[in-house]
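Structure record follows, encoded as structure tokens.
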There are 4 protein chains.
Amino acid sequence: MNISLEQAQKIVAAGEKKSKELDVKMNIAVVDAGANLTAFARMNGAWLGSVDIAIKKAETARYFDMNSGEIGKLAQPGGSLYNIEHSNNGLITFPGGIPLKNKDGDIIGAVGVSGSTVDNDHAVASFAAENF
Amino acid sequence: MNISLEQAQKIVAAGEKKSKELDVKMNIAVVDAGANLTAFARMNGAWLGSVDIAIKKAETARYFDMNSGEIGKLAQPGGSLYNIEHSNNGLITFPGGIPLKNKDGDIIGAVGVSGSTVDNDHAVASFAAENF
Amino acid sequence: MNISLEQAQKIVAAGEKKSKELDVKMNIAVVDAGANLTAFARMNGAWLGSVDIAIKKAETARYFDMNSGEIGKLAQPGGSLYNIEHSNNGLITFPGGIPLKNKDGDIIGAVGVSGSTVDNDHAVASFAAENF
Amino acid sequence: MNISLEQAQKIVAAGEKKSKELDVKMNIAVVDAGANLTAFARMNGAWLGSVDIAIKKAETARYFDMNSGEIGKLAQPGGSLYNIEHSNNGLITFPGGIPLKNKDGDIIGAVGVSGSTVDNDHAVASFAAENF
């Protein structure tokens, strides 16, 4: 149960569409069930620093099978996972990374979006994760 | 005074046993007195991101001869070891890493567990550290 | 003068098309004029290790504005650029990375392909670089 | 189609058995289909530097679905994959890494062995790969 390139490219296209609606410029990354990069797009003029963040958000969501922002809640000072970001060659634990599930509910990959506010990042990732 | 592979494998087996009792899927790492990986097991379906965390917890516990969570208390903002996680190619300072002692109390290695809540991680590591 | 996402996605699509003709499974990466990842696709079942190699080939071609294989000729033992691969967080200097030029001959990015023999990798990259 | 921990531990045990027959001290690593560490053992007194090499051999074999030594033949000076070792955070391309296949011939992981001559490393990996 692994995402196909065709599905990954639909997710990227959905993310681009939503980004244009919101008038934002995003980096959109899709990783497969093994957390390997499968599809990626950087919209024209999107932040350069967000390339790596989008990829790390997707990886983070698949590494722990939950939204990246959920991990961030636990990774605050005093939280149970404080500074977990130092593992796995760097995690990103604020919103914008979401696991991808097939019809049976199996996790088949993850999407990560970066380029605007975390609210917009999460909105684009959510829309993309539901349209493939 | 160093842990043997036979001891390390008993620790891993004890960790697996405890994990099944708790119905959790863990990554379990044992390092020796030199903080070198000695035995490792990833239970079927355990989080991908926890491979590295389990190893880093074990390393952290042996690097400083204390439970990884004890270091975490000192590594909070304002604490004496704030952001110590940047050293040694990445530390993990929340619970789940425990030094291993022989009968004489000498530290002969450490165990690190990751894959569930930090409470479960620590419970599995504690059980493993006491049964070898 | 920088490649657009639309151009980058055409390059990826051209690379996929050529790969299917050759019956090979490729990783295809496009970087922009600043050597930043712009579009990426991993064809279903392509080698896991080629994700990083495809990206590094594209980066290498743009870092030095020549085909990755040209650098490899100079990077052999005794050559003028021996072991240049240690720079820039890792280069790949065998064929499969090609600079991308606009109508005026300006370099606007690069493409990197990995997943088969270097001859096939280069053939796919060449086709992609000429069709966007 | 992924290796189970039970299979991975059988591979490690087979590797240990063969190592004792040959009177060598090995590090034995098993990665799953996603190239994630699944089981590991360092025999008492085995070279410290071989921990990382055993893991990298297993990763390398799975990254490209062939024996690590096969890649090494192509990675010599003047060869088509010269200095490929700079990719993927470091490859090891001499013998000792072997893909693992199930009954249907699907690759479900890889084993990597390091601690003696490359002939012994390969012999132990071969025996382990055939006995699980």
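The values are calculated or read from the model by the stated rules, or taken from the named source; none is laboratory data. All figures in this text were calculated on a predicted structure; none of them were measured in a lab. Here the Cβ is made from the backbone with ideal geometry for all residues, glycine too, and neighbour counts use every protein chain on show. The protein model used for the area step is the full one, side chains on, heavy atoms only, and it has no ligands, DNA or RNA in it. Shrake-Rupley method; radii C 1.70, N 1.55, O 1.52, S 1.80 Å.
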Counting only other chains, what is the mean number of Cβ atoms within 10 angstrom of the Cβ of each residue in peptide D:42-48? 5
Pairs of Cα atoms under 8 Å, at least six residues apart: use those to get the relative contact order of chain A, whole percent. 31 percent
From most to least accessible, 1.4 Å probe, no ligand or DNA/RNA atoms counted, B:Lys56, C:Lys20 line up as C:Lys20, B:Lys56
Percent of Cα-Cα pairs more than 47 Å apart in the protein assembly as shown, please. 10 percent
Distance in nm between pseudo-label sites at C:Asp65 and D:Trp47 (7 Å out along the Cβ direction from Cα): 4.4 nm
Quick one: pull the percent of accessible area on chain C belonging to carbon and sulfur, 1.4 Å probe, ligands and nucleic acids left out. 48 percent
Give, rounded to the nearest 20 debye, the magnitude of the charge dipole that the range C:5-130 has about its Cα centre when Lys and Arg contribute +1 at Cβ and Asp and Glu contribute -1 at Cβ. 180 debye
Have a look at C:Leu91, C:Leu37, C:Leu48 and tell me which one the Gaussian network model of chain C (Cα, springs below 10 Å) gives the largest fluctuation. C:Leu48
When the charge dipole of chain C is computed with +1 on Lys and Arg Cβ and -1 on Asp and Glu Cβ about the Cα centre, the Cα farthest towards its positive end, among C:Asn36, C:Tyr82, C:Val12, belongs to C:Val12
Helix by helix through chain C, keep the DSSP H runs that span 24 Å or more along the axis on Cα and average at least -1.0 on Kyte-Doolittle, and give those back in order. C:5-22
By Cβ position, which chain B residue lies least far from the axis that rotates chain B onto chain D, and what is the distance to the nearest whole angstrom? B:Phe40, 2
Mind listing the label-point distances from D:Lys103 to the same position on all other copies, shortest first, one decimal in nm, points 7 Å along Cα→Cβ? 3.0, 4.7, 6.3
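So, by mean Cβ neighbours within 10 angstrom, what's the order for C:3-15, C:95-107 with the highest one leading?
C:3-15, C:95-107
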In deg cm²/dmol and to the nearest 500, what is the mean residue ellipticity at 222 nm of chain A if only DSSP H runs of at least 4 residues count, each as -39500 (n - 2.57), divided by the residue total? -13000 deg cm²/dmol
Compute the distance from the alpha-carbon center of the range B:1-57 to that of the range C:1-38, in whole Å. 42 Å
Quotient of Cα Rg and 2.2 N^0.38 Å for the range C:1-101, N being how many residues it contains: 1.08
The value for the range C:59-111 (convex hull of the alpha-carbon atoms, volume per residue, Å³) is 67 Å³
How many partner chain Cβ atoms sit within 10 Å of a residue's Cβ in peptide C:30-38, on average, as a whole number? 4
Provide the FRET efficiency to the nearest 0.05 for the B:Thr117-C:Asp104 pair, computing r from the beta carbons and using R0 = 51 Å. 0.30
Count, for each residue of C:50-62, the Cβ atoms from other chains sitting within 10 Å of its Cβ, then give me the mean as a whole number. 3
